[in-house]
Structures are given as C-alpha cells and as structure tokens.
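Notes to accompany the following structure.
The values are calculated or read from the model by the stated rules, or taken from the named source; none is laboratory data. Just so you know, these numbers come straight off a predicted model, no measurement behind them. All Cβ positions, even for glycine, are placed from backbone atoms using ideal geometry, and neighbour counts span all protein chains on display. Note: areas computed on protein heavy atoms with side chains; ligands, DNA, RNA excluded. Shrake-Rupley method; radii C 1.70, N 1.55, O 1.52, S 1.80 Å.
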Amino acid sequence: MASLRASNFLLSSSSSSSSSSKQIHAALSVPNLPSIRFSVPKVPTKGLSVELNARESDGFINKIPFEKNLTNSPLVQQSSSVSMATLQLYAILESIADRVEMHNNVGQQRENWNTLLLNSINMITLTAATTAGFTATGGAGASVLGLKLASTLLFSAATGMLVLMNKIQPSQLVEEQRNATRLFKQLQRQIETLLATGSPSKEDVKDAMEKVLALDKAYPLPLLGVMLEKFPENLEPAVWWPKIQSQKTKKEKYFKGKVESNGWTEELEMEMREVVEVIKRKDGEDYERLGNKALKMNKVLAASGPILTGIAALGSAFMDSANGPWAAIVAAVAGALASAVNTLEHGGQVGMVFEMYRNNAGFFKHVQESIESTLSESDLEKRENGELFEMKVALQLGRSLSQLRDVAKKSSYSRIEGSPIDEFASKLF
C-alpha cells in the first residue's frame, strides 16, 4: 500500500515538473539571432617556446638567447664600445664640474686673502709710522721707550707679512683660478655638445682626459711645491692645452681653381696663413711686450715694499735723544711710502694684470697652433670642415667672416709692399 502511494507521488511530481518546464520554456523562448563569423588572425606560436625560460623545481634559470651569434656580431660590439665611451665622458663631466667648484671656491678664498692682507699690512704700517711721528715731537723716559718698541715691532711684523704676500701674489692667484674656472666650463660645454650631436669614440675620451690633465698642470690648486713662478725672467704664454701633434706628410695638396673639398679652398688656406702671420707680428708680440712691462713693474714694487718697511724698522730702533728726531722722521716717512707702495701693488693688482697678459698671450698661441696644426694635415677629408673652422676662428678673434678676410688681405698686401700692418687680428682684447 505504501509502495503504491510512493509510485503515485512520483508519477504526479514528474508530470507536474514536465508541465512546468514546458511553461518555462515557453516563457523564455527568444528568436534565433543570425550567426556572425569573426575572422581572428592566428598568432604565430613558432619560436615562442625558444624564448620561454625553462622551469625547475626551485625557480627559473637564466634566459637563453634566441640567437647566440648576435652577441658576437660587430654591430653589437660597436654599440657597446660607443656606450662605454659615453659613460666615460659623463664620468669626466662629473670630474670637471667638481673642479669648477673647487677653483671657484679657492679663487674666492684667495681674493679674501688679498683684501685682508692688504688692509692689515697698511693698518700696521700706518700705525707704526704714526707712533714714530709722535716720538719725533719730543718726550723722555718710559713713554718714548714704549713708543719706540711698539713702532719697531709693528714695522718688523709688516716687513715679514709683506715678504710673504709679495711672494705668493694673491691677486695673481685669484686671476689664475678665474681663468681655470672659465676654461673648465668651456671644456664642459664642449663635451656636452659632443654628447648631444654625435657618437663619442675612445679617441674623444682620450682627448678629453688629456685636456683635463693639461688644465690641472697649467692652473694648480696647491701653493707649496707646484705654485706657478710669480717672477719669471720673461713672460711665457700660458699653456693649458695638450701638445698638438702636427701631421706633416710629403703628400702635396692640389686645388683646381676654386674647387672645394670638405669646405677647404686654396683661398681659405691662404687666408688662414695670413691670420697666423698677423697674430705673430701684432697680437702675440704686443701682449708679450705689455706683459714684460707689468712683470718689471711688479718686481720693483715687490722689492720696494719690504725694503721701505725694513728701513722704517731700523729707524724706529735708533730713535732716542742722542740721534735726535731724524731717526723718527726716517721711520715715519719710510712707513708712509711703504704703505703707498703696498697699496699700488696689491690694491692696483699688478700681479693680476701680469697674469691677464700671460693668459692673453697663451690664447693667441693656442689659436696660432690650432690653425697651423689643421693646415699641416694633408688629407683634406680628415680636417675639420673649412667653413666651420673659419667661423670658429672669426668668433675667437671677435670678427665677422668678411672682417677676417679683410685682415688677411691687408696682411698680404703689407708683406708684398714691405710695410708693417697697422691692424690687430683680435677685436676682443
């Protein structure tokens, strides 16, 4: 009986579920949409397995290159060498920036030396001269002795300080650091231009290193041992560039009329040679002559200051009633003259003027050597482009291209006529 009831229940439930499913299908029926086919391009899978990393139980192994021959190709080797040269030039740039900061700081420090030493020595000298003048007015006893001792000690101290100051020439040291800062910044801009416009090579790195070391030698930072000679026999132009290797060969250059090769023509070569002659005969000689005059003047002033303070110290030492007022007068007058000489030498910065002439003479020597070195290269294709080189020379001399050509023509005419040229190559200084 129970089994019959269960079977009847199952039959009724199945019939009801079938009827409900029919109702649901009828309620949710939607129209059939047209099928649209999309053409998807096949992704090539060939070779992907080669680039995948092989998995191991503990992780991944290193990636295996797809083509081992690429690492040995000359293109990759050249790219790596250029990249290394670039990194080396950036390292040199960092060193140059550090040197610029050092020379700038040292220059400010030595400028303070010049100001402080000048003021201090003048105050000591004038105080001693005033003290010696008081003793000439008369007096006796302990007061005169005290003034005598004070004046002698002050003049002696001024003499020692003047000898030291004249030996190191602080104003000249300041000018050295100014020029070093300017030239290092110039080299920095040249390297930045090279990195921005071209692919540097190992030769560019070597050239930059040589220029940095040449500047270090031309403008040393320390004073002891490597300080530049402040009183040479004659003016020698400053040399802050490495020795330029001239490449002279027996091969002759032939120009056919005005045919141009790498921007060079026969007329341009003759123009550059005439510019070199003008620099030799006018600019270089003139600055060497002025520099030698400044050197002689500085030597006289540097010797006169300590001599005058020494005489004043001796005069103040002999001040007493037995010698009368003359010893005090000598001490006072010599001290006043020493103060005037010291002011003229270091206040007028005669040492700086000499250093300026020395660097100007070096500038003209550098322009001259660069032109001669370029012209000595027989292969025109290996030279710097002629038009670009002419523009650089004109800018260095402060002239336009037409003005530079006019100077070359005047130099040629003056040599033919045997008359001296009345114009300098440079208009900058």
(Q) Condition check: open to solvent by less than 20 Å² (accessible area, probe 1.4 Å), part of a helix (DSSP H, G or I), touching a residue at least 40 places away in the same chain (Cβ under 8 Å) and under 30 Å from PRO242 (Cβ atoms). Does LEU195 satisfy that? (A) no
**Q.** Test: GLU271 is among the acidic types (Asp, Glu) and open to solvent by less than 50 Å² (accessible area, probe 1.4 Å)
**A.** yes
Q.
If I ask for residues that are assigned to a helix (DSSP H, G or I) and of a type in the set (S, T, N, Q), which ones from segment 347-360 would you list?
A. ASN359, ASN360
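Each row is one residue, and each column tells you yes or no for (1) more than 29 Å from GLU229 (Cα to Cα); (2) open to solvent by less than 60 Å² (accessible area, probe 1.4 Å); (3) of a type in the set (A, V, I, L, M).
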| residue | (1), (2), (3) |
| --- | --- |
| MET319 | yes, yes, yes |
| TRP326 | yes, no, no |
| ALA331 | yes, yes, yes |
| GLY335 | no, yes, no |
| ALA338 | no, yes, yes |
| VAL341 | no, yes, yes |
| GLU345 | no, yes, no |
| GLU355 | no, yes, no |
Q) If only one of MET209, MET102, MET123 is outside any loop (DSSP other than H, G, I, E, B) and either without any contact (Cβ under 8 Å) to a residue 40 or more places away in the chain or in contact with a Lys or Arg (Cβ under 8 Å, 6 or more places away or on another chain) (or both), which one is it? A) MET123
Q) GLU175 is checked against (1) in contact (Cβ under 8 Å) with a residue 60 or more places away in the chain; (2) in contact with a Leu (Cβ under 8 Å, 6 or more places away or on another chain) and fails just one. What number does that condition carry? A) (2)
(Q) Looking at segment 361-384, can you tell me whether even one residue there is part of a loop (DSSP other than H, G, I, E, B), of a type in the set (Val, Ile, Thr) and in contact with a Lys or Arg (Cβ under 8 Å, 6 or more places away or on another chain)? (A) no
Q.
Take the conditions more than 21 Å from ARG178 (Cβ to Cβ) and surrounded by 14 or more Cβ atoms within 10 Å (Cβ to Cβ) and apply them to ALA361. Does it pass?
A. no
**Q.** Residue among VAL341, VAL300 that is out of contact with any Ser or Thr (no Cβ under 8 Å at 6 or more places or on another chain) and in a helix (DSSP H, G or I)
**A.** VAL300
Q. Looking at VAL144, VAL163, which is the one that is within 30 Å of PRO325 (Cα to Cα) and open to solvent by 40 Å² or more (accessible area, probe 1.4 Å)?
A. VAL163
Q: Check GLU175, GLU236 and return the single one that is open to solvent by 80 Å² or more (accessible area, probe 1.4 Å) and either at pLDDT 95 or above or not small (Gly, Ala, Ser) (or both).
A: GLU236
Q: Go through segment 389-426 residue by residue and tally those that are farther than 16 Å from MET270 by Cβ, surrounded by 12 or more Cβ atoms within 10 Å (Cβ to Cβ) and at pLDDT below 90.
A: 1
Q | Sole residue being surrounded by fewer than 19 Cβ atoms within 10 Å (Cβ to Cβ) and in a helix (DSSP H, G or I), chosen from LYS185, LYS230 | A | LYS185
(Q) Return the residues of segment 322-352 that are closer than 14 Å to THR125 by Cα and in contact with a Gly (Cβ under 6 Å, 6 or more places away or on another chain); say none if nothing qualifies. (A) VAL330, ALA331, ALA332, ALA338, VAL341, ASN342
